[in-house]
Amino acid sequence: MFYRENGQFKSSYASDQQMLPILQDRVLMLGLLAFAFLVVPFVISDYVFLSLLIPFLILTVAALGLNLLVGYCGQISLGHAAFMAVGAYAAYNLALRVPQLSFLVVLVLAGLIAAAVGVLFGIPSLRIKGLYLGVATLAAQFFIDWVFARVKWFTNYAHSGSVQTAPLEVFGWTVNSPVEKYLFLLCVLIVFTIVANNLVRGHIGRAWMATRDMDVAAEVIGIRPVYAKLTAFAISSFYVGVAGALWGFVHLGSWEPLAFNLTLSLNLLFMVIIGGLGSLLGSYFGAAFIVVLPIVLNQAPAWLGAPISTAMASHLEFMIFGALIVFFLIVEPHGLARLWAIGKEKMRLWPFPH
Amino acid sequence: MKKNAPVIALCAALLIGLLMPLMTGASPPGFYVEVLLGGLMAGVLYSLVALGFALIFKASGVFNFAQGAMVLFAALAVARLAERMPLWAAIVLAIGIMIVLAWFIERLVLRPLVNQDPIALFMATLGVTFFLDGFGQTVWGSDIYSIELGIAKEPVMVLQSIFQGGILVNKEDFMAALVAAALVGSLALFFQKTPTGRALRAVADDHQAAQSIGIPLNRMWVIVWAVAGIVALVAGVIWGSKLGVQFSLSLVALKALPVVILGGFTSVPGAIIGGLIIGVGEKMAEVFLGPPLVKAFDLAGGGIENWFAYVLALLFLLVRPQGLFGEKHIDRV
């Protein structure tokens, strides 16, 4: 952070449009990637992979997706866990019924199916907005929950309604140790982040943001609201559907009918709010926060020498979640990503603040 | 007239759906009336929770997701306090707690967020929901508790002369409906006749105008949140005595969301009628639509109740976005 971008002039369109225009940022990013790929797999225990890093990577994909919809397009959704469920069950059925498909193909198809369902439930957004839309997406949540719990075909007539996935194989590479899962998810996340980053700075992203800021004005200047809103729903649901498939296949392995319930939807929303609406980096922060907080809350009393029961811990978790949401909305409505940006700006000028 | 066509079509479809089981003779009339009454009773309770939503939305423009959590919190408070003192004392104390809670919410959540987007306020109430759920269960415990209202729960047979076999009516349900009606009546009186009620209506009409003639906005918010808290308490007590006080109460209370959508956010009569429509609709759907659906698609059980209200609200939103009684919204650039 102790660097200046002085002297780096953009002399071509290509250099003006690259994703990381500053040399130091590029070096930093390369260093970070090298660390994630070359150092982390060798120094971290399996427990940390399974309970921290794998959920974090998957939830980040989901949070990115929700952020595209809520943060960039301004359409609130309380039912995104349902689209995760669609992705997970679509992937399960595809893998089960068409076993010759590669997992990557299954993943993409699951995302596309989730996108189709997302567009279907996004249609009301053309007529209603804001809180009304929130309730409309609740309909998606409860209806889809019900469908997967009741229609036996989706769970392959399993008696308990829970499903189990086959081991993963990508181009002959069997992904089953925690490290392999981590590396696979890392690759997926990087691809999705790059795509999201380029979407939001392209014309689609600008159409979304104009719709978010004032939809009537956006329409007046020639942005088609139907196109903007439905693409936001489609792409967001695609991300979330893929995240759901990964959550089912890579993280859970087997899951119950109500694994993707309203609480998960609200958690996704919290990730996006706490991390920062309209910020891709914020999705990372938010997901990390939501994954780490319960673990810290479970461990902290033991470290402090005052163990509390698990029920108590889960209630405290609820309370702290709630209090933090309100706290963030009051103190920093733009979330952790904004704090990060402020810190960065301060450091850039340090030690001469003017 | 042409614009209203889809609304009329939807209402007609609903009505036909309602009368279908009776006309096709799929159910005996006595049973049909029983289901209808059951739906109305459930609807009264939905109306009560929805009333809390509508009150707060009217007065402070906040879409209060925490209403369900308030119902749970109040019911837990009454159930646990009633273990140590007579029921009436527990209820009075719980009302006090709800008023204090309203004051805290206004102080700590609403006041710092004045002039924020409605979405930000809504998300703040999501935070309040989580906080209240956790807080309530930390303070009061998280088991299933019961509230004894001292009303007989055995159903009684009535109208045996009209319907073959009579109709089973639960006395407690009947009392609940009476209490709810009394509450709605006294709220209407409070809003129409008292100075505070008039001030509240002024705030609901126009915040700035109300403030400029000297109505203290902050105090009005405390009052309206306290009133909503008391409404939540009544709903919680009635529901708690029916189903037992437990966490799922706050999920049931979520059904008030489609109710306010159906009735229109800002309308008190809308909340009541919407609640009745949803209550009757979902009971009817569960009883008469559920079994054929299960048979046709080989489902693993019914449970249409879980989503019917939401999907009905969604359909209504598509044809009439402002709800049955809501004000039409016009955007300006």
With the first residue restricted to segment A:160-175 and required to be within 14 Å of chain B (Cβ to nearest Cβ), and the second required to be of a type in the set (S, T, Y), Cβ contacts under 8 Å at 6 or more apart or on different chains are A:G161/A:T155; A:S162/A:T155; A:S162/A:S254; A:V163/A:Y89; A:V163/A:Y92; A:V163/A:T155; A:V163/A:S254
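For A:P99, are the conditions met, namely being more than 9 Å from chain B (Cβ to nearest Cβ) and more than 18 Å from the chain's Cα centre (by Cα)? Reasoning before the result, please.
Working: more than 9 Å from chain B (Cβ to nearest Cβ): yes; more than 18 Å from the chain's Cα centre (by Cα): yes.
The answer is yes for A:P99.
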Somewhere in segment A:299-306, is a residue of a type in the set (A, V, I, L, M) and in contact with a helix residue (DSSP H, G or I) (Cβ under 7 Å, 6 or more places away or on another chain)? no
What residue, among those in segment A:110-125 that are touching a Leu at 6+ places or on another chain (Cβ under 8 Å) and surrounded by fewer than 21 Cβ atoms within 10 Å (Cβ to Cβ), is nearest to the other protein chains (Cβ to nearest Cβ)? A:I123
Subset tally (residues that are in contact with a Pro (Cβ under 9 Å, 6 or more places away or on another chain) and outside any helix (DSSP H, G or I)) for segment A:53-93: 0
Between a residue in segment B:94-122 that is of a type in the set (K, R) and any residue that is buried (at least 16 other Cβ atoms within 10 Å of the Cβ), which pairs come within a Cβ distance under 9 Å, given they are 6 or more apart or on different chains? B:R107/B:V222; B:R111/B:W221
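Of the residues A:T211, A:T174, A:T193, A:T137, which is over 21 Å from A:I235 (Cα atoms) and either assigned to a helix (DSSP H, G or I) or over 23 Å from the mean Cα position of the chain (by Cα) (or both)?
Working: A:T211 fails: over 21 Å from A:I235 (Cα atoms); A:T193 fails: over 21 Å from A:I235 (Cα atoms); A:T137 fails: over 21 Å from A:I235 (Cα atoms).
From the options A:T211, A:T174, A:T193, A:T137, the qualifying one is A:T174.
Please specify each residue of segment B:241-257 satisfying the condition of being closer than 20 Å to B:F130 by Cα and either in contact with a helix residue (DSSP H, G or I) (Cβ under 6 Å, 6 or more places away or on another chain) or of a type in the set (G, A, S) (or both). Walk me through how you get there before you give the answer.
Taking segment B:241-257 first, the residues closer than 20 Å to B:F130 by Cα are B:245-257.
Within segment B:241-257, B:V245, B:S248, B:L249, B:S250, B:A253, B:L254, B:K255, B:A256, B:L257 qualify.
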If A:P351 passes every condition in (1) within 14 Å of another protein chain (Cβ to nearest Cβ); (2) surrounded by fewer than 16 Cβ atoms within 10 Å (Cβ to Cβ); (3) part of a loop (DSSP other than H, G, I, E, B); (4) not aromatic (F, W, Y) but one, which one does it miss? (1)
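Filter segment A:131-148 for residues that are at pLDDT 85 or above and at the interface with chain B (Cβ under 7 Å from one of its Cβ atoms) and give the result. Show your work before the answer.
In the first step, residues of segment A:131-148 are kept if they are at pLDDT 85 or above; the result is A:137-148.
Correct list: A:L138, A:A139, A:F142, A:F143, A:W146.
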Of (1) under 26 Å from A:E180 (Cα atoms); (2) in contact with a Ser or Thr (Cβ under 7 Å, 6 or more places away or on another chain); (3) of a type outside the set (K, R), A:H80 fails just (1)
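Conditions (1) polar (S, T, N, Q); (2) assigned to a helix (DSSP H, G or I); (3) within 14 Å of chain A (Cβ to nearest Cβ), marked per residue:
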residue	(1), (2), (3)
B:W88	no, yes, no
B:I97	no, yes, no
B:F104	no, yes, yes
B:V109	no, yes, yes
B:F122	no, yes, yes
B:T129	yes, yes, yes
B:F135	no, yes, yes
Subset of segment B:191-201 [surrounded by fewer than 17 Cβ atoms within 10 Å (Cβ to Cβ) and at pLDDT below 85]: B:Q192, B:R201
Considering only segment B:248-270, state which residues are over 12 Å from B:Q67 (Cβ atoms) and out of contact with any Leu (no Cβ under 7 Å at 6 or more places or on another chain). B:S248, B:L251, B:F265, B:T266, B:S267, B:P269
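Among the residues of segment B:205-221, which ones are surrounded by fewer than 20 Cβ atoms within 10 Å (Cβ to Cβ) and in a helix (DSSP H, G or I)?
Kept after step one, since they are surrounded by fewer than 20 Cβ atoms within 10 Å (Cβ to Cβ), are these residues of segment B:205-221: B:205-209, B:211-219.
If the condition is that a residue be surrounded by fewer than 20 Cβ atoms within 10 Å (Cβ to Cβ) and in a helix (DSSP H, G or I), then B:D205, B:H207, B:Q208, B:A209, B:Q211, B:S212, B:L217, B:N218, B:R219 are the ones that fit.
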Mind listing just one residue for me: the one in segment B:296-333 that is charged (D, E, K, R) and assigned to a loop (DSSP other than H, G, I, E, B) and, of those, modelled with the highest pLDDT? B:R320
Can you tell me which residue in segment A:297-348 is surrounded by the most Cβ atoms within 10 Å (Cβ to Cβ), limited to those that are acidic (D, E) and within 14 Å of chain B (Cβ to nearest Cβ)? A:E317
Only one of (1) surrounded by fewer than 20 Cβ atoms within 10 Å (Cβ to Cβ); (2) of a type in the set (G, A, S); (3) away from chain B (no Cβ under 14 Å) does not apply to A:S236, and that is (1)
I'm trying to understand the selection: among the residues of segment A:261-272, which are away from every other protein chain (no Cβ under 12 Å) and out of contact with any His (no Cβ under 9 Å at 6 or more places or on another chain)? A:M271
If you go through segment B:239-250 one residue at a time, do you hit one that is part of a helix (DSSP H, G or I) and β-branched (V, I, T)? no
Scan segment A:88-102 for residues that are crowded, with 24+ Cβ neighbours inside 10 Å and touching a Leu at 6+ places or on another chain (Cβ under 8 Å) and jot them down. A:A90, A:A91
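Could you list, in sequence order, the residues of segment A:34-46 that are without any contact (Cβ under 8 Å) to a residue 40 or more places away in the chain and closer than 19 Å to A:A287 by Cβ?
Our first condition is that a residue be without any contact (Cβ under 8 Å) to a residue 40 or more places away in the chain; within segment A:34-46, this holds for A:34-35, A:38-39, A:42-45.
If the condition is that a residue be without any contact (Cβ under 8 Å) to a residue 40 or more places away in the chain and closer than 19 Å to A:A287 by Cβ, then A:F35, A:I44 are the ones that fit.
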For segment A:51-60, state whether one or more residues are at pLDDT below 95, surrounded by fewer than 24 Cβ atoms within 10 Å (Cβ to Cβ) and more than 14 Å from the chain's Cα centre (by Cα). yes
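Take B:A90 and decide whether it is modelled with pLDDT of 85 or more and in contact with a strand residue (DSSP E or B) (Cβ under 6 Å, 6 or more places away or on another chain). Full working, then the answer.
On the way: modelled with pLDDT of 85 or more: yes; in contact with a strand residue (DSSP E or B) (Cβ under 6 Å, 6 or more places away or on another chain): no.
It is false that B:A90 is modelled with pLDDT of 85 or more and in contact with a strand residue (DSSP E or B) (Cβ under 6 Å, 6 or more places away or on another chain).
The values are calculated or read from the model by the stated rules, or taken from the named source; none is laboratory data. What you see is a predicted model; the values in this text were computed from it and never measured. Virtual Cβ from ideal backbone geometry, glycine too; neighbours counted across all protein chains shown.
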